[in-house]
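The structure under discussion appears below in the form of structure tokens.
The values are calculated or read from the model by the stated rules, or taken from the named source; none is laboratory data. Here the structure is a predicted model, which means the values were calculated and not measured. In this analysis, Cβ positions are derived from the backbone assuming ideal geometry, glycine residues included, and neighbour counts consider all displayed protein chains.
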Amino acid sequence: MDNEFLLDPAMIQEFLVESEELLQRMDQDMVTLESTPKDEELLNRIFRAIHTIKGTSGFLGFEPVVRLSHRAEDVLNDLRKGEIQLSKRMMDALLGARDQLGRMLADIREGGLKQYAIDDLVSELEIVRRPDDSSKRLGEILVAHDVISPSTLEGALQDQAAAAEKQKLGALLVEKKLASPAAVGNALIQQKQAAESNVSASAQTMRVDVRKLDELINLVGELVLERNRLIRLNSDLSLGRLAGEDLSSALSQSTARLSFITEELQTAGLKTRMVPIDLVFRKFPRLVRDVAGSLKKEVDLQVRGQDTELDKTMVELIGDPLVHLVRNSLDHGLETPDARVAAGKPRQGVIRLEAQQEGDQIVITIADDGAGIDPDRVLRKAVEKGLVSVERARLLTPREILDFIFLPGFSTVEKVTDLSGRGVGNGCCPLQS
């Protein structure tokens, strides 16, 4: 790629920092938009983010980024103009584009763009602007994967058009045993891939509130003034202009002032590393949406305390454990809608994610209104795994029984899934609070 701007590392770095921040915000905004499709301000914000990424990418010559972001921008622009209505498939396509853009940015950070098979994703973004072509597109995906033949697809589309009641193509193919449910399911979710974390890359840079930098610079200025004062005292002493008593008083004042400035400077320096925990929290609306959809559960995620600040290193370290806990809440903690109704609960479960400062500590709470942990089930599993004898099991307190879930390799799940069951340390479900 022949582009003189690619020779400027500072410009590339600024582009990556800005674009990654925009993509992080888009995750939360897109999930919110799905539940409030009439929110024009939110839609405009998402559109501006994609537009910004596209424009800067074009300036720098990142053609694959431009191509994909341009197609996503077209969809969002049609939504803004009211020419199309937001659908789940459309949102899936937009989220798929957002994830692919994230992977492209990660590759740029690691050294440069690669070859990307984005034709299907680009086509999907074009198709969702023409909702009537959805059945045909699903069929084309199945044909491309040799699940069905072109002639079979044509016949199925004719049967679908002739049917008295509108039936989805996938359901029709499964009903006629022309395709397996698994094959149809894979075709439906082909464009959806989970965003890969790139913590190590993002750790190289961070944005700092300009007010914190101003405070730091002012303190450095105060430190320089105090240094000049000490230099002047040393000069006066060398020239015999200071008596012993005057020198003692001047040094005492300078030492006290220097001590104060250095303490303030240390505090200000530490503050520059403090970032809002929202950097971690903002990815959970998307995570909850995707996992809840795959589990066929209805979930309301309530997030509080996003402005609570932590050291950047700590924010990076807690990301993966929080993801694990939230996924466990979704998989194990919350019941299915039918089970909740049978238990007298609302169909929609609630997961609460909250951060708050208590003294000099930050407390992060993850809670759900699910059935909670079944101590008897945990104890049976512990006995089955040989972690405790039957005789000893009878003497355990409820608290001691629950402690088994924190052991590596322990899980109450009978079958390992993509979500859970591997026993990484709390394989049952998060404690309720």
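Residues of the stretch 58-68 that are part of a helix (DSSP H, G or I) and either at pLDDT below 85 or β-branched (Val, Ile, Thr) (or both): Gly58, Phe59, Leu60, Val65, Val66.
Count of the stretch 321-363 residues, restricted to those that are touching a strand residue (DSSP E or B) at 6+ places or on another chain (Cβ under 8 Å) and part of a strand (DSSP E or B), is 11. Within the set Leu279, Leu242, Leu301, Leu287, the sole residue that is outside any helix (DSSP H, G or I), aliphatic (A, V, I, L, M) and within 17 Å of the chain's Cα centre (by Cα) turns out to be Leu301.
Taking Leu101 as the residue in question, decide whether it is over 24 Å from Phe15 (Cβ atoms), in contact with a Leu (Cβ under 8 Å, 6 or more places away or on another chain) and not assigned by TED's automatic domain parsing to the domain that holds Val288. Give the derivation first.
Details: over 24 Å from Phe15 (Cβ atoms): no; in contact with a Leu (Cβ under 8 Å, 6 or more places away or on another chain): yes; not assigned by TED's automatic domain parsing to the domain that holds Val288: yes.
No; evaluated as a whole, the condition is false for this residue.
Looking at Asn234, is it at pLDDT below 85 and either under 30 Å from His332 (Cβ atoms) or polar (S, T, N, Q) (or both)? The answer is yes for Asn234.
The set of residues from the stretch 130-175 being in a loop (DSSP other than H, G, I, E, B), modelled with pLDDT under 80 and out of contact with any Ser or Thr (no Cβ under 9 Å at 6 or more places or on another chain) comprises Arg130, His145, Asp146, Ile148, Ala163, Ala164, Glu165, Lys166, Gln167.
Tell me whether the stretch 117-129 contains one or more residues that are in a helix (DSSP H, G or I), among the hydroxyl-bearing types (Ser, Thr, Tyr) and over 22 Å from Arg286 (Cα atoms). Give the derivation first.
Of all residues in the stretch 117-129, those in a helix (DSSP H, G or I) come to 119-127.
Next, only the ones that are among the hydroxyl-bearing types (Ser, Thr, Tyr) stay: 123.
So of that shortlist, the ones also over 22 Å from Arg286 (Cα atoms) come out as 123.
Checking the stretch 117-129: at least one residue is in a helix (DSSP H, G or I), among the hydroxyl-bearing types (Ser, Thr, Tyr) and over 22 Å from Arg286 (Cα atoms).
Number of residues in the stretch 295-313 that are surrounded by 15 or more Cβ atoms within 10 Å (Cβ to Cβ) and modelled with pLDDT under 90 equals 6.
Scanning the stretch 68-98 for residues that are under 23 Å from the mean Cα position of the chain (by Cα) and surrounded by fewer than 16 Cβ atoms within 10 Å (Cβ to Cβ), we see that the one that is farthest from Gly185 (Cα to Cα) is Ser87.
Residues in the stretch 64-74: is at least one out of contact with any Cys (no Cβ under 7 Å at 6 or more places or on another chain), under 30 Å from Gln302 (Cβ atoms) and without any contact (Cβ under 8 Å) to a residue 60 or more places away in the chain? Scanning the stretch 64-74 turns up at least one residue that is out of contact with any Cys (no Cβ under 7 Å at 6 or more places or on another chain), under 30 Å from Gln302 (Cβ atoms) and without any contact (Cβ under 8 Å) to a residue 60 or more places away in the chain.
Check the stretch 309-318 and report whether any residue there is touching a strand residue (DSSP E or B) at 6+ places or on another chain (Cβ under 9 Å), touching a residue at least 12 places away in the same chain (Cβ under 8 Å) and under 26 Å from Glu34 (Cβ atoms). No, the stretch 309-318 contains no residue that is touching a strand residue (DSSP E or B) at 6+ places or on another chain (Cβ under 9 Å), touching a residue at least 12 places away in the same chain (Cβ under 8 Å) and under 26 Å from Glu34 (Cβ atoms).
Filter the stretch 384-433 down to residues that are among the basic types (Lys, Arg) and under 27 Å from Val350 (Cα atoms) and give me whichever is modelled with the lowest pLDDT.
Residues of the stretch 384-433 that are among the basic types (Lys, Arg), as a first pass: 385, 392, 394, 399, 415, 422.
From what is left, the residues that are under 27 Å from Val350 (Cα atoms) are 399, 415, 422.
Numbers: Arg399: 87, Lys415: 55, Arg422: 44.
If we take residues in the stretch 384-433 being among the basic types (Lys, Arg) and under 27 Å from Val350 (Cα atoms), then Arg422 is modelled with the lowest pLDDT.
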